[in-house]
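Engineer: Could you have a look at this structure, given as structure tokens, before my questions?
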Amino acid sequence: MPRAFPLQAPLDHAIHRMRAAERMLRMLRRKEAAARQRLDEVRGYKREYQSRLADAGGRGLDIHLLRDYHVFLGKIEQAIRHQEAEVRKAEENWQAAHAKWLELRRQVKAYEVLAERHRQETLRKEERRDQRLTDETAARQQQPLGGQARS
């Protein structure tokens with residue numbers, strides 16, 4: 001009976017960890033995309049509000065209303081900077097998780113190479129054993145009955 005691969009448990013564990021890392025990568029990519037979408041939305045609000053200010057300015061604005069527009073635009077700029085930081089943080093988190101996944105994938109590949117070598121060695125041993133049995137059977141069939149040589 002062939003021997004089981006002695007490192008099967010660590011291989012299975014490494015595969016499990018790699019798959020968990022893949023799920024984490026997908027989740028972090030979704031978070032990054034959501035952060036980018038929010039950034040695009042805030043930038044769109046800024047463009048829209050600047051357009052409203054330009055339209056209203058062309059008709060003449062009360063000084064208080066003009067000040068309110070500028071205060072609000074300042075708050076939108078602040079929100080944009082905050083969201084840009086969120087996007088950078090999401091990118092960094094994804095990059096770190098990706099590096100971890102690459103390391104786990106490298107480990108799995110190394111275990112798989114060892115498993116394949118083990119499988120190949122097991123096959124070679126089985127083939128040698130089968131060949132030896134075949135040779136022994138053929139040698140027995142070649143021997144004369146009773147162990148005496150014919151003249």
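The values are calculated or read from the model by the stated rules, or taken from the named source; none is laboratory data. These numbers were taken from a predicted model, which means no experiment stands behind them. Methodologically, a virtual Cβ is constructed for each residue, glycine included, from the backbone with ideal geometry; neighbour enumeration extends over all protein chains shown. Just so you know, the surface numbers come from the protein's heavy atoms only, side chains and all, with ligands and any DNA or RNA stripped out. Shrake-Rupley method; radii C 1.70, N 1.55, O 1.52, S 1.80 Å.
Engineer: Quick one: if the Förster radius is 30 Å, what FRET efficiency do L102 and D40 give, using the C-beta to C-beta distance and rounding to 0.05?
Structural biologist: Details: r = 29 Å, r/R0 = 0.98.
For R0 = 30 Å, the calculated efficiency reads 0.55.
Engineer: Which value, in Å², gives the accessible area per residue of region 11-151 when a 1.4 Å probe is used on the protein heavy atoms?
Structural biologist: Per-residue value: 77 Å².
Engineer: Right, something else. Angle, helix 63-142 long axis vs. longest principal axis of the chain, Cα atoms, 0 to 90°, nearest 10?
Structural biologist: 0 degrees
Engineer: Now a separate question. What is the ratio of the Cα radius of gyration of region 98-143 to 2.2 N^0.38 Å, with N the residue count, to two decimals?
Structural biologist: Its radius of gyration relative to the 2.2 N^0.38 Å reference: 2.11.
Engineer: For a quick check of understanding: with a 1.4 angstrom probe and all protein chains in place, what accessible area in square angstrom does H16 have, to the nearest ten?
Structural biologist: For H16, solvent-accessible area is about 110 Å².
Engineer: In square nanometres, what is one fourth of the surface area of the convex hull spanned by the alpha carbons of the chain?
Structural biologist: 15.2 nm²
Engineer: Moving on to the next point. Hey, any idea what % of the chain's accessible area is carbon plus sulfur with a 1.4 Å probe?
Structural biologist: 53 percent
Engineer: OK, next. If you put +1 on each Lys and Arg Cβ and -1 on each Asp and Glu Cβ, how big is the dipole of region 1-62 around its Cα centre, in Debye rounded to 20?
Structural biologist: So the dipole magnitude of region 1-62 works out to roughly 240 debye.
Engineer: Separate question: Put a dot 7 Å past each Cα toward the Cβ at A56 and R30; how far apart are the dots in nm?
Structural biologist: Those two pseudo-labels are separated by 3.9 nm.
Engineer: Given a 10 angstrom Cα cut-off, can you work out which residue in R119, R105, R129 is the most mobile in a GNM of the chain?
Structural biologist: R129
Engineer: Here is a follow-up. Lys/Arg Cβ at +1, Asp/Glu Cβ at -1, dipole of region 57-125 taken about the Cα centre: which of I76, L102, L61 is farthest positive-ward?
Structural biologist: Result: L102.
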